[in-house]
1. Using a basic spin-label model with each label point 7 Å from the Cα along Cα→Cβ, how many nm lie between Ala81 and Arg22?
2. Run the numbers on the stretch 35-120 and let me know its relative contact order in percent, using alpha-carbon pairs under 8 Å that are six or more apart.
3. Where nothing but the Cβ of Lys and Arg (+1) and of Asp and Glu (-1) is charged, how large is the charge dipole of the chain around its Cα centre, in debye to the nearest 20?
4. What FRET efficiency do you get for Val54 and Val112 if R0 is 25 Å and r is their Cβ-Cβ distance, rounded to the nearest 0.05?
5. Between [x] 53; [y] 37; [z] 49, which entry matches percent of Cα pairs over 22 Å apart as derived from the coordinates of this structure?
6. For the stretch 22-115, which chymotrypsin sites (Phe, Trp or Tyr not before Pro) are in a loop by DSSP, counting at most 16 other Cβ atoms within 10 Å?
Amino acid sequence: MDRILLHGLTFFGRHGCHAAERDLGQKFIVDIELDCDLRAAGASDALGDTLNYVAIYDAAREIVEGEPAQLLEHVAERIAAAALQHDLVQGVRVRVRKPHIALPVALDYLGVEIERHREP
């Protein structure tokens, strides 16, 4: 299966289990990998034969910048569900990273990664 990649999408959101996370908000970084059959677009060089990347970006932005969630897992599920609404998308991997964590340890980020596929 071919893949469309959107990596490093950066948004400001208000997700987290603690009230301070939802009140203050913080940066979230999202990676989306879309499994699609891109042969038609490769052969035709026609925009109508591929996926509108902007629509995927806009959906991710709306979800991350929109209604707060307690869990990154919920944010990732919502992004995956939005991506699977597009007919060309057969599967999706979503990573949601939170680089600023209130933990007494050093780490680059905390995050989740989920993989979902179109129901047969």
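1. Distance between label points: 1.8 nm.
2. Relative CO of the stretch 35-120 lands at 27 percent.
3. I would put it at about 360 debye.
4. Calculated value: 0.55.
5. [y]
6. Tyr109
Bear in mind these aren't lab numbers, they're just calculated from the coordinates by the rules spelled out. Please read these numbers as outputs of a predicted model, since none were measured by experiment. A quick note on method: Cβ atoms are made from the backbone with ideal geometry, for glycine too, and the neighbour counts reach across all protein chains shown.
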